[in-house]
Amino acid sequence: MKNYYSLHISEWNKAIEKVLSDYLIYAPIKNDFTLDYELINQTNISEILYNIPKPTTPIKTLFLPIKENVTNDKPNQKRIIIGTPNCDIQGLKILDEIYLDKDFWDSTYHAKRENTLLISTPCFDTQEYCHCSVYGINPFPTEVADISLSKVDTKINLEILSDKGEKFIAELKGFASISKSAETDLKDIELKQSKVEKQIHSNNSGLPDYKKTGDIVQQATEETWKRYSSKCVSCGACATICPTCTCFLLIDKPNFEKVRQLDACQYPAFERVAGGEDNLHQLPKRFKNRYFCKYVWKPEKFKSLACTGCGRCIEACIAKINKNELFREFAS
Amino acid sequence: MNDKTNIYKPIRAKLLKVITESPTIKTFVMEPEQDFSFKTGEFIELTVDGIGEAPFTPSSSPLETKQIEVTVMKTGYVTEYLHNMKEGETLGIRGPFGRGYPVEKFYDKEVLILGGGCGFAPIRSLLYNLAAISDKLRKVTLCYGSKTPDECIYKPYVEQLRNTPKFEVLRTVDIPDEKWTETVGVSTVLLDKVKVDIKNSVAVCCGPPIMMKFGTKKFLEMGYPEHDIYLSMEKNMSCGLGKCGHCMMGKYFVCKDGPVFTYNEIKDQPDIWS
């Protein structure tokens, strides 16, 4: 209870305006086409949407941009990211395992993690393909993020999840009127969270949990992979939009500079070597590779989940391939 | 060593000498701007400035820290540029990366090595290492195959090895010329000619994928246990850091968990021979 603070939305908006001078702030805003993270300025603060299901772009893009020079060590400006759902927050865990591996510490990624305050939001609603709860992920944050924000009527409730979050609240107290959250609001938040969790389970009845996915992928026959991949056009949207897919190319620039560009195993020649051998030359093999990576190989290698059940790969697929249909087919 | 503060930044290395080993293979002798040490079998990422980067296992002795050599076959975009480079030019080096040969496990044993083509490069580094500790080894036998006598690399070094106690070299070519007096046939035929005490021996294999496949098969037929067959795997190691994903071989990042694996470690992973 002691970690919940509350302030009126008008006070919160003023607070955001105040900290704009020190931070780059990203938050979800609806535009004509989509609902996605936008850079916040003085004119769009009131348009920020809270406690909505996931924005279109996964948060990984703010830590591993599509293209970035990784050798010129530019200082990063401090950032606040507001409105990240827990599926994306959980996705950061495997990114941290990969990029903050003690043997090969990625300083570019680390600088972004260090300089970012994560204000996550519990989801008070679901989208068609959300299935985080089925994979054991709550639709509300409890870790990794610094603050959990819940908007109840005109009140912004802030739950501190980390030391960084606590420091930020202390900073806010310097110029905003903050009090402890009301019991009724907290109960309301809990109720909303629980309702969404139930909704996700009910929307995904028959979908096997994450622990079963590995066995299913290994049981699927070559015929299955051919059938499911028959409509795939190797566009790579599923990997690009995935919060945990982080494969990249290193591109050389003059003066020994290197640019890291997001890549995907779905693109032809991903594994091709100069001698010509290319394990993933055939499309069904590339298609199958992604499933094995997420549900068999990464779980053997990393502690964190390699699929957080956000459902973006299903939404993004122009061929309308639904990975959950495959899992349902083999669940019985 | 690599720039500790940024894993993507290469250190500069001056190209001291280019040695033509065969019509398609050259050795590049480099002097890194700081001491550079590696364990035999580990690899480096070599940058041709502004062009690209490719993984190579050094062919020089791991005991040498002032200079480093890589032996490269002209086979792709980066290697074509590399083959056109001249002495005095600057290259970039990142690494060393991965897991090399566990030489200490070879103590008191015979080491049977099968190599093919440019796969002699990592093996030469291993041989330098083994020669330095030959008092701890029973015997080292190298079976080396190439397509033609012209493509047999490290000819002076082979002569030197043949005059080194405890070392034996057998060579074969697919297509001989009139001067060739050694074996003709694929590299695995040499394994039939070797007398080896399997129980006190380890097998090492490095070469093109097809040779690795049949070499391993032959080693198994000879009676080598799966955990005594050491394979240096070639995949698309791009970052060298276990991050970019290009060299994934099932659950392994070849760049970090390998490139040297025992056969029993990788036998259940997909597409190990391609």
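The values are calculated or read from the model by the stated rules, or taken from the named source; none is laboratory data. These figures come from a predicted structure and were not determined experimentally. Here the Cβ positions follow ideal geometry from the backbone for every residue, glycine too, while neighbour counts run over all protein chains shown.
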When restricted to A:Asn69, A:Asn41, the only residue over 20 Å from A:Tyr109 (Cα atoms) and modelled with pLDDT of 95 or more is A:Asn41
Residue set A:Lys198, A:Lys173; condition at pLDDT 95 or above and not hydroxyl-bearing (Ser, Thr, Tyr); output residue A:Lys198
Selection from the range A:253-269 of residues over 23 Å from B:Gly92 (Cβ atoms), out of contact with any Phe, Trp or Tyr (no Cβ under 9 Å at 6 or more places or on another chain) and at pLDDT 95 or above yields A:Cys265, A:Tyr267
Scanning for something within 14 Å of chain A (Cβ to nearest Cβ), out of contact with any helix residue (DSSP H, G or I) (no Cβ under 8 Å at 6 or more places or on another chain) and free of Cβ contacts under 8 Å to residues at least 12 places away in the same chain, does the range B:46-57 turn up at least one residue? yes
Would you be able to say whether some residue in the range A:95-103 is part of a helix (DSSP H, G or I), surrounded by fewer than 20 Cβ atoms within 10 Å (Cβ to Cβ) and within 18 Å of the chain's Cα centre (by Cα)? yes
Among strands (runs of 3 or more DSSP E) entirely within the range B:90-204, at least 3 residues that are assigned by TED's automatic domain parsing to the domain that holds B:Met73 occur in B:90-97
Those residues of the range B:99-139 that are under 16 Å from B:Ser232 (Cβ atoms) and either hydroxyl-bearing (Ser, Thr, Tyr) or touching a helix residue (DSSP H, G or I) at 6+ places or on another chain (Cβ under 8 Å) (or both) come to a total of 19
Of the candidates A:Leu186, A:Leu161, A:Leu118, A:Leu191, the one satisfying the condition of being assigned by TED's automatic domain parsing to the domain that holds A:Pro75, touching a Phe, Trp or Tyr at 6+ places or on another chain (Cβ under 8 Å) and not polar (S, T, N, Q) is A:Leu186
Given the conditions (1) at pLDDT 95 or above; (2) within 14 Å of chain A (Cβ to nearest Cβ), every one holds for B:Thr75 apart from (1)
Quick count over the range B:80-103, residues being surrounded by fewer than 21 Cβ atoms within 10 Å (Cβ to Cβ) and more than 26 Å from B:Ala132 (Cα to Cα), is 10
Within the range B:3-17, restricting to residues that are in a strand (DSSP E or B) and surrounded by fewer than 18 Cβ atoms within 10 Å (Cβ to Cβ), the one that is nearest to the other protein chains (Cβ to nearest Cβ) is B:Arg12
The correct count of residues that are not in a loop (DSSP other than H, G, I, E, B) and not hydrophobic (A, V, I, L, M, F, W, C) in the range B:224-243 is 5
I'd like to check something: does the range A:311-327 contain any residue that is in a loop (DSSP other than H, G, I, E, B) and within 13 Å of another protein chain (Cβ to nearest Cβ)? no
Apart from one, (1) closer than 30 Å to B:Lys105 by Cβ; (2) without any contact (Cβ under 8 Å) to a residue 24 or more places away in the chain all hold for B:Glu80; the odd one out is (1)
Checking A:Pro58, A:Pro75 in turn, the sole residue that is modelled with pLDDT of 95 or more and assigned to a loop (DSSP other than H, G, I, E, B) turns out to be A:Pro58
Scanning the range A:282-298 for residues that are over 15 Å from A:Ala220 (Cα atoms) and within 9 Å of chain B (Cβ to nearest Cβ), the one surrounded by the most Cβ atoms within 10 Å (Cβ to Cβ) turns out to be A:Trp297
In the range A:173-199, anything within 30 Å of A:Tyr295 (Cα to Cα) and either touching a His at 6+ places or on another chain (Cβ under 6 Å) or not hydrophobic (A, V, I, L, M, F, W, C) (or both) is listed as A:Gln193, A:Ser194, A:Lys195, A:Glu197, A:Lys198, A:Gln199
Flagged in the range A:98-145 as more than 14 Å from every other protein chain (Cβ to nearest Cβ), within 25 Å of A:Arg79 (Cα to Cα) and of a type in the set (Ser, Thr, Tyr), in numbering order, are A:Thr116, A:Ser120, A:Thr121, A:Thr142
Selection from the range A:272-311 of residues of a type in the set (Asp, Glu) and closer than 24 Å to A:Gly91 by Cβ yields A:Glu300
>> Taking the conditions exactly as written (acidic (Asp, Glu), away from chain A (no Cβ under 12 Å) and either surrounded by 17 or more Cβ atoms within 10 Å (Cβ to Cβ) or out of contact with any Phe, Trp or Tyr (no Cβ under 8 Å at 6 or more places or on another chain) (or both)), does B:Asp35 satisfy them or not?
In response: yes
Taking B:Asp197 as the residue in question, decide whether it is away from chain A (no Cβ under 14 Å) and in contact with an Asp or Glu (Cβ under 7 Å, 6 or more places away or on another chain).
yes
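This table checks each residue for (1) closer than 29 Å to B:Ala54 by Cα; (2) within 14 Å of chain A (Cβ to nearest Cβ); (3) surrounded by fewer than 24 Cβ atoms within 10 Å (Cβ to Cβ); (4) of a type outside the set (Phe, Trp, Tyr).
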{"position": "B:Val202", "(1), (2), (3), (4)": "no, no, yes, yes"}
{"position": "B:Pro208", "(1), (2), (3), (4)": "yes, yes, yes, yes"}
{"position": "B:Gly223", "(1), (2), (3), (4)": "no, no, yes, yes"}
{"position": "B:Met237", "(1), (2), (3), (4)": "yes, yes, no, yes"}
{"position": "B:Ile266", "(1), (2), (3), (4)": "yes, yes, yes, yes"}
